[in-house]
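The values are calculated or read from the model by the stated rules, or taken from the named source; none is laboratory data. Just so you know, these numbers come straight off a predicted model, no measurement behind them. Virtual Cβ from ideal backbone geometry, glycine too; neighbours counted across all protein chains shown. The area values use the complete protein model at the heavy-atom level, side chains included, leaving out ligands, DNA and RNA. Shrake-Rupley method; radii C 1.70, N 1.55, O 1.52, S 1.80 Å.
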Amino acid sequence: PHPRINKNPRTKEDLGEHFAKGEGIMVAAGWRPGWSTDYVGVILAQRLGAKTLINLSNIQYAYDKDPKKFPDAQKIEKINWKNFRRIVGNRWDPGLNLPFDPVASKLAQKIKLEVIIADGKNIPNFKTIMAGKKFQGTLIQN
């Protein structure tokens, strides 16, 4: 394995201790069966007091309805949690194909977490997001 991989923090470690060392960014994935990676991300953001979660995915934007089924689907650049949750609903099942898990959305709204959904393969756009500039993707906030 690559030598830097072994230096990354693991979920069993005290995450607060890791971030007390000056780290400002965490890259994470799922670790608990039955939890979506979106929900894991929101839980980690809550535990660490993060204000923004960047959800890099295989989509460039969230849409008002499934663009694969509806040619008139409209991309969403900015939306509040109340309106976003009307789109995704309240129930999540493994394998459900939504831009952000409904259960994670409910918690994100409750803790006033800002979520950015963007294409994970578009590295220049990710750099733009990290620089705090106008990006391609969807911003969800209260």
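Testing A131 on (1) on the phi < 0 side of the Ramachandran plot; (2) small (G, A, S); (3) touching a Pro at 6+ places or on another chain (Cβ under 8 Å), one condition comes back false. Which one is that?
With (1) on the phi < 0 side of the Ramachandran plot; (2) small (G, A, S); (3) touching a Pro at 6+ places or on another chain (Cβ under 8 Å) applied to A131, the lone miss is (3).
Among the aliphatic types (A, V, I, L, M) and without any contact (Cβ under 8 Å) to a residue 12 or more places away in the chain: does that describe A108?
Working: among the aliphatic types (A, V, I, L, M): yes; without any contact (Cβ under 8 Å) to a residue 12 or more places away in the chain: no.
Against the criterion (among the aliphatic types (A, V, I, L, M) and without any contact (Cβ under 8 Å) to a residue 12 or more places away in the chain), A108 does not qualify.
Assess whether K82 counts as being exposed (fewer than 11 other Cβ atoms within 10 Å of the Cβ), within 15 Å of V103 (Cα to Cα) and more than 16 Å from the chain's Cα centre (by Cα).
yes
Can you tell me how many residues within the stretch 57-93 are among the small types (G, A, S) and in contact with an Asp or Glu (Cβ under 8 Å, 6 or more places away or on another chain)?
Residues in the stretch 57-93 being among the small types (G, A, S) and in contact with an Asp or Glu (Cβ under 8 Å, 6 or more places away or on another chain): 2 in total.
What number of residues within the stretch 41-68 satisfy the criterion of being in a loop (DSSP other than H, G, I, E, B), of a type outside the set (D, E, K, R), open to solvent by 60 Å² or more (accessible area, probe 1.4 Å) and in contact (Cβ under 8 Å) with a residue 24 or more places away in the chain?
2
May I ask you to say which residue of I123, I76 is among the β-branched types (V, I, T) and surrounded by 15 or more Cβ atoms within 10 Å (Cβ to Cβ)?
The unique qualifying residue is I76.
In the stretch 92-105, is there at least one residue being open to solvent by 50 Å² or more (accessible area, probe 1.4 Å), assigned to a helix (DSSP H, G or I) and either at pLDDT 90 or above or in contact with a helix residue (DSSP H, G or I) (Cβ under 7 Å, 6 or more places away or on another chain) (or both)?
Scanning the stretch 92-105 turns up at least one residue that is open to solvent by 50 Å² or more (accessible area, probe 1.4 Å), assigned to a helix (DSSP H, G or I) and either at pLDDT 90 or above or in contact with a helix residue (DSSP H, G or I) (Cβ under 7 Å, 6 or more places away or on another chain) (or both).
Of all residues in the stretch 122-142, which are part of a loop (DSSP other than H, G, I, E, B) and in contact (Cβ under 8 Å) with a residue 24 or more places away in the chain?
The answer is N122, Q136, G137, N142.
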